[in-house]
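First the structure, in the form of structure tokens, and then the observations on it.
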Amino acid sequence: MTNNDIFRRIRYAFDLKEATIVNIFALAEVDVTPAQVTAWLKKDEDEALVPMKNRELAAFLNGFISFKRGKREGPVPAPETQLNNNMVFQKLRIALNMKAEDVLEVFEQVELPLSPHELSAFFRKPSHKNYRECKDQMLRNFLMGVQQQQRPSQES
């Protein structure tokens, strides 16, 4: 999945308007314009699509955590320059204040049951022997399940 694809799916799942997205970036102390947001949200086939960098997606996710849970005391975390699906998954889990049971329920909803051990492997350090890479399909299914929870009338 591209950063733009992840960004579009989050925007759709939570029905975020462009002005709200600009405010989410501001929570991470990153200034973006509505035009930048529009360019990131374009479909992959659109020539006007601007690829979203890891740092930009990380800043959005950091802001999304503050947007959903409230701003923390202290300095705002710097957005990561390297991002992988495990990190995106972890940031979304934090933003949505989900415990393991909540995440497992999301996967049940999309008919992809996981064991608690399989799930915890995604959130381990890469150097841990039980670390497991979160593949695109796993992240896609998680986002789909979250979307179904957020927009139940939109289920297909």
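So here's what we get for this one:
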| read-out | value |
| --- | --- |
| Residue identified as touching a helix residue (DSSP H, G or I) at 6+ places or on another chain (Cβ under 7 Å), surrounded by fewer than 15 Cβ atoms within 10 Å (Cβ to Cβ) and not β-branched (Val, Ile, Thr) among GLN109, GLN82 | GLN82 |
| Residues satisfying the stated conditions in segment 10-28, i.e. open to solvent by less than 60 Å² (accessible area, probe 1.4 Å), in a loop (DSSP other than H, G, I, E, B) and free of Cβ contacts under 8 Å to residues at least 60 places away in the same chain | LEU16, ALA28 |
| Top-ranked residue in segment 97-106 [being hydrophobic (A, V, I, L, M, F, W, C) and closer than 21 Å to LEU61 by Cβ; ranked as most open to solvent (accessible area, probe 1.4 Å)] | ALA100 |
| Any hit, segment 29-50, residues being charged (D, E, K, R), buried (at least 19 other Cβ atoms within 10 Å of the Cβ) and in contact with a helix residue (DSSP H, G or I) (Cβ under 8 Å, 6 or more places away or on another chain) | no |
| Segment 61-73 residues that are under 18 Å from VAL37 (Cβ atoms), paired with ones that are assigned to a loop (DSSP other than H, G, I, E, B) and of a type in the set (Gly, Ala, Ser) (beta carbon under 8 Å, 6 or more apart) | ASN62/ALA28; GLY63/ALA28; SER66/ALA28 |
| Any hit, segment 130-139, residues being hydroxyl-bearing (Ser, Thr, Tyr) and outside any loop (DSSP other than H, G, I, E, B) | no |
| All positions within segment 13-61 that are touching a Phe, Trp or Tyr at 6+ places or on another chain (Cβ under 6 Å) and farther than 24 Å from ASN86 by Cα | VAL32 |
| Set ALA39, ALA35, ALA58, ALA48: member being part of a loop (DSSP other than H, G, I, E, B) and among the small types (Gly, Ala, Ser) | ALA48 |
| Selection count, segment 11-67, where residues are at positive phi and under 16 Å from the mean Cα position of the chain (by Cα) | 1 |
| Residues (surrounded by fewer than 19 Cβ atoms within 10 Å (Cβ to Cβ) and either at pLDDT 95 or above or part of a loop (DSSP other than H, G, I, E, B) (or both)) located in segment 69-79 | GLY70, LYS71, ARG72, GLU73, GLY74, PRO75, VAL76, PRO77, ALA78 |
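The values are calculated or read from the model by the stated rules, or taken from the named source; none is laboratory data. Quick caveat, the model's predicted, so the values are computed rather than measured. A quick note on method: Cβ atoms are made from the backbone with ideal geometry, for glycine too, and the neighbour counts reach across all protein chains shown. SASA here: full protein model, heavy atoms, side chains in, ligands and nucleic acids out. Shrake-Rupley method; radii C 1.70, N 1.55, O 1.52, S 1.80 Å.
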